[in-house]
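Notes to accompany the following structure.
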Amino acid sequence: KVVIAYKDDANSSYGTAVVGTVSGTSISFGTPVVFETSSVQYISSTFDSSSNRVVISYTDDGNSSYGTAVVGTVSGTSISFGTPVVFLSGYTFYTSAVYDSANNKIVIAYRDSITTNYGTAIVGTVSGTSISFGTAVVFESATSAYIAATYDSTNEKIVIAYQNTTNSNYGTAIVGTVSGTSISFGTAVVFETANVSFVSVTFDSTNNKVIIAYKDAGNSSHGTAVVGTVSSTAISFGTPVVFNAGTTSYTASTFNSSLNKIVISYNDGGNSGYGTTVVGTVSGTSISFGAETVFNTANTFYITTTYDSNNNKPVIAYRDAGNSFYGT
């Protein structure tokens with residue numbers, strides 16, 4: 001099953017999730033279920049394969065915009081939720097949740113308004129339908145934005161990519177190591193010496209590489225990707241490669257493990273904002289791309305993607321401006 005979490009503007013902007021079932025090249029959905037009866041934003045979700053639970057992190061605007069997480073259980077074509085748990089009693093931005101399969105822990109990276117908007121991460125432990133948290137750890141003592149996290153299953157590390165607004169908005173990444181209910185970090189490394197935004201990150205488990213996709217304002221806002229190699233608590237990068245020679249936003253990345261390919265989806269500002277996808281192949285410390293393919297011939301926003309490993313299909317979810325901004 002695929003689970004999509006979103007803000008439902010037709011229902012008071014409540015936090016909502018729906019279960020999808022892939023069949024061939026189509027997808028069908030069960031009935032949407034509310035997980036937060038208030039307006040939400042900065043939604044991210046991950047799957048805890050040890051407990052067979054979905055964890056959704058978000059900013060709860062109905063509770064002073066606190067950072068919050070909730071545990072969901074899929075049954076058939078529906079999903080049920082436990083009680084939401086606050087992990088930050090302050091305004092929380094850019095949450096990104098990821099699962100550490102070596103330690104059976106959830107890691108949520110986010111921007112913490114309490115610590116002057118520092119980049120911060122916290123480790124969560126799922127038990128039944130609830131989640132508890134350790135002590136938050138700062139990974140960047142500077143204002144951080146467009147935070148995106150992935151799990152390097154080969155090195156058993158968390159990799160967080162982000163925009164360091166204090167350092168000229170440069171694209172930056174850092175490696176985290178989970179131990180118990182805490183996380184420690186190596187030294188941050190710049191992957192792009194220019195203003196980056198719409199950062200997404202995924203892990204190629206065949207080539208053991210981290211791939212970061214982003215909008216590069218230092219190069220005409222082109223869509224760009226770079227390959228990272230984790231070694232212990234450090235990460236190094238190859239040369240960035242353009243995948244879309246137009247203004248690119250809302251990037252989302254996933255790894256197709258059946259074909260050993262990276263799939264990047266995005267809003268192509270050079271083509272009327274159409275929803276577009278490109279397939280990348282990693283070789284050493286570089287990545288090459290095939291031809292771009294349009295998946296939605298209308299302005300496309302809030303793109304997210306995941307990989308259905310049972311059906312060997314990437315699934316792309318988005319807001320479709322060509323169809324009343326419906327979730328599609």
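The values are calculated or read from the model by the stated rules, or taken from the named source; none is laboratory data. All values derive from a computational prediction rather than experimental measurement. Cβ coordinates were reconstructed from backbone atoms using ideal geometry, including for glycine residues, and neighbour counts include every protein chain displayed. The protein model used for the area step is the full one, side chains on, heavy atoms only, and it has no ligands, DNA or RNA in it. Shrake-Rupley method; radii C 1.70, N 1.55, O 1.52, S 1.80 Å.
For V54, indicate whether it is open to solvent by less than 50 Å² (accessible area, probe 1.4 Å), touching a Pro at 6+ places or on another chain (Cβ under 6 Å) and within 17 Å of I4 (Cα to Cα).
Spelling it out, it is not the case that V54 is open to solvent by less than 50 Å² (accessible area, probe 1.4 Å), touching a Pro at 6+ places or on another chain (Cβ under 6 Å) and within 17 Å of I4 (Cα to Cα).
Can you find even one residue in segment 30-42 that is assigned to a loop (DSSP other than H, G, I, E, B), in contact (Cβ under 8 Å) with a residue 40 or more places away in the chain and either closer than 19 Å to A136 by Cβ or of a type outside the set (S, T, Y) (or both)?
Yes, there is a match, as at least one residue in segment 30-42 is assigned to a loop (DSSP other than H, G, I, E, B), in contact (Cβ under 8 Å) with a residue 40 or more places away in the chain and either closer than 19 Å to A136 by Cβ or of a type outside the set (S, T, Y) (or both).
Here are some residues: G238, G223. Which one is closer than 28 Å to E156 by Cα and of a type in the set (G, A, S)?
Only one candidate passes the filter, namely G238.
Are there any pairs, at least 6 apart or on different chains, whose C-beta atoms fall under 6 Å, with the first in segment 1-15 and closer than 21 Å to T46 by Cβ and modelled with pLDDT of 95 or more and the second small (G, A, S) and part of a loop (DSSP other than H, G, I, E, B), and if so, which?
K7/S13
Quick one: how many residues across segment 307-326 are open to solvent by 60 Å² or more (accessible area, probe 1.4 Å), assigned to a strand (DSSP E or B) and in contact (Cβ under 8 Å) with a residue 12 or more places away in the chain?
Count: 2.
Do we have any residue at all in segment 48-71 that's farther than 25 Å from N117 by Cβ and of a type in the set (D, E, K, R)?
Yes, segment 48-71 contains at least one residue that is farther than 25 Å from N117 by Cβ and of a type in the set (D, E, K, R).
How many residues does segment 243-269 hold that are over 18 Å from Y307 (Cα atoms), open to solvent by 40 Å² or more (accessible area, probe 1.4 Å) and either free of Cβ contacts under 8 Å to residues at least 24 places away in the same chain or among the polar types (S, T, N, Q) (or both)? If you could, list the steps in order and put the result at the bottom.
Filtering segment 243-269 down to residues over 18 Å from Y307 (Cα atoms) leaves 243-249, 267-269.
Cutting the leftovers down to open to solvent by 40 Å² or more (accessible area, probe 1.4 Å) gives us 245, 247, 269.
Now restrict to residues that are either free of Cβ contacts under 8 Å to residues at least 24 places away in the same chain or among the polar types (S, T, N, Q) (or both): 247.
Final tally of qualifying residues: 1.
Would you be able to tell me the number of residues in segment 71-96 that are loosely packed, with under 15 Cβ neighbours inside 10 Å and touching a residue at least 60 places away in the same chain (Cβ under 8 Å)?
1
T68 versus (1) free of Cβ contacts under 8 Å to residues at least 40 places away in the same chain; (2) open to solvent by 40 Å² or more (accessible area, probe 1.4 Å): which is the lone unmet condition?
(2)
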